[in-house]
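The values are calculated or read from the model by the stated rules, or taken from the named source; none is laboratory data. Not measured: the values here are computed from a predicted model. No Cβ is skipped: glycine too gets one built from the backbone with ideal geometry, and neighbour counts run over all protein chains shown. Side chains are part of the model used for accessible areas, which takes the heavy atoms of the whole protein and leaves out ligands, DNA and RNA. Shrake-Rupley method; radii C 1.70, N 1.55, O 1.52, S 1.80 Å.
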Amino acid sequence: MSIFRLRKTYYRYNQGTLEYERVYPSFKERSLVVLRNLSVSIFFGIVAFLAFLYFFNSPMETLLKKENELLQTQYELLLMELGRTSSILEDLQQRDENLYRAIFNADSIPESIRKSGFGGSNRYEYLKGLPNSDLVIETTKRMDILRKQLYIQSNSLEELIALGKDMENKLLCIPAIQPIKNVKYPASGFGTRIDPFTHLPRFHAGMDFNTHVGTDVYATGNGVVAYASWKQGYGNCIIIDHGYDYQTLYGHLDKYKVRVGQKVSRGDVVATSGNTGRSKGPHVHYEVIYKGRHDNPANYYYKDMTPEEYDKMLQISRNHGQVMD
């Protein structure tokens, strides 16, 4: 006995009657058939859905993927731009250090400060786990370092602007002429010389200018008289504080023309020359002191000498012969 189906109608062959008899399935049997078909449909539906997800992106995923690719491109472009900006900043730092600060005689900014970074290994911990985290962290580091260097450079430029505004006054204060007029060449210069009393070599901290007693002695730059009295070895002595770490000293004077605390300008008469103190003859001993150390006065005569006279003065000042004090 067999059962076959025609157009959803079920029949059974009856061997006794040799006829096909129509079969009416029970509710349970029909339910099982429906459940089986539904299960197969759900299975193939899930397989098809997973395959679609694997091979095709949803509209939202496609949008997010495009946004991520765009963000990565923007970070890469930003990193390149940071590199170019860093090169420009480095060039500005070099000019600042080797040109601008040299012009204004400003203190150097140590490289350790200019190139300092940020400490702490966990500073960028919060960025880990993000898409393209290595690129994001590197870009953020470069931006932080660049921001700090720009801050330091900005402060440096503000300092140089202030120095520039003050430069005119500074140029009036820095010693720039000889203390005696119409004396083009010193009797002795700066450096190791023969002492006129002991006849032994010793360091001569200034320049000596031959002149007769009573010759006017001039302030070589604007300033304030800080000392006007007898000084051991120098005799009658005047010290002028010019500010900006500069001082000048005038020794072996005869008479004072100024008093302590008095403001003087370049070219003002501050005293007359003499032969006081430890001296071998009438002359003026002149010193330039910068930041507490003696400097060669020959470097400060650019206002009242021609290049030829200045060159000859330098040759004479290098003479290692005897001094007058």
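Residue 62 meets all of the listed conditions (1) at pLDDT 70 or above; (2) part of a helix (DSSP H, G or I); (3) open to solvent by less than 70 Å² (accessible area, probe 1.4 Å) but one, namely (1). Pairs needed: first member in segment 293-308, under 9 Å from residue 190 (Cβ atoms); second member anywhere, of a type in the set (S, T, N, Q) and open to solvent by less than 40 Å² (accessible area, probe 1.4 Å); C-beta distance under 8 Å; at least 6 residues apart or different chains. These pairs meet every condition: 296/317; 298/317. Out of 265, 273, 279, one residue alone is among the polar types (S, T, N, Q), open to solvent by 10 Å² or more (accessible area, probe 1.4 Å) and more than 30 Å from residue 165 (Cβ to Cβ). It is 279. Only a single item in (1) modelled with pLDDT under 75; (2) surrounded by 11 or more Cβ atoms within 10 Å (Cβ to Cβ); (3) not small (Gly, Ala, Ser) is not met by residue 70, and it is number (2). Can you work out which of the residues in segment 297-310 that are at pLDDT 75 or above and open to solvent by less than 40 Å² (accessible area, probe 1.4 Å) is farthest from residue 242 (Cα to Cα)? Among them, the one singled out is 298. For segment 102-116, the candidate set comprises residues that are closer than 12 Å to residue 153 by Cβ and at pLDDT below 80; within that set, the residue that is nearest to the chain's Cα centre (by Cα) is 114. The criterion of at least 1 residues that are in contact with a Leu (Cβ under 6 Å, 6 or more places away or on another chain) is met, among strands (runs of 3 or more DSSP E) falling completely within segment 262-304, by 269-273, 283-290. Looking at segment 75-119, which of the residues that are β-branched (Val, Ile, Thr) and in a helix (DSSP H, G or I) is nearest to residue 151 (Cα to Cα)? That would be 113. Any chance you could count how many residues in segment 212-253 are assigned to a strand (DSSP E or B), aromatic (Phe, Trp, Tyr) and under 37 Å from the mean Cα position of the chain (by Cα)? Qualifying residue count, segment 212-253: 1. Inspect segment 217-231 for any residue being of a type in the set (D, E, K, R), open to solvent by 20 Å² or more (accessible area, probe 1.4 Å) and either modelled with pLDDT under 80 or on the phi > 0 side of the Ramachandran plot (or both) and give the result as yes or no. Taking every residue of segment 217-231 in turn, none turns out to be of a type in the set (D, E, K, R), open to solvent by 20 Å² or more (accessible area, probe 1.4 Å) and either modelled with pLDDT under 80 or on the phi > 0 side of the Ramachandran plot (or both). Count of segment 238-260 residues, restricted to those that are of a type outside the set (A, V, I, L, M, F, W, C), closer than 12 Å to residue 227 by Cα and open to solvent by 50 Å² or more (accessible area, probe 1.4 Å), is 4.
Condition (residue is at pLDDT below 70, surrounded by 11 or more Cβ atoms within 10 Å (Cβ to Cβ) and under 30 Å from residue 133 (Cα atoms)) applied to segment 78-98: is it met by at least one residue? No; the residues of segment 78-98 include none that is at pLDDT below 70, surrounded by 11 or more Cβ atoms within 10 Å (Cβ to Cβ) and under 30 Å from residue 133 (Cα atoms).
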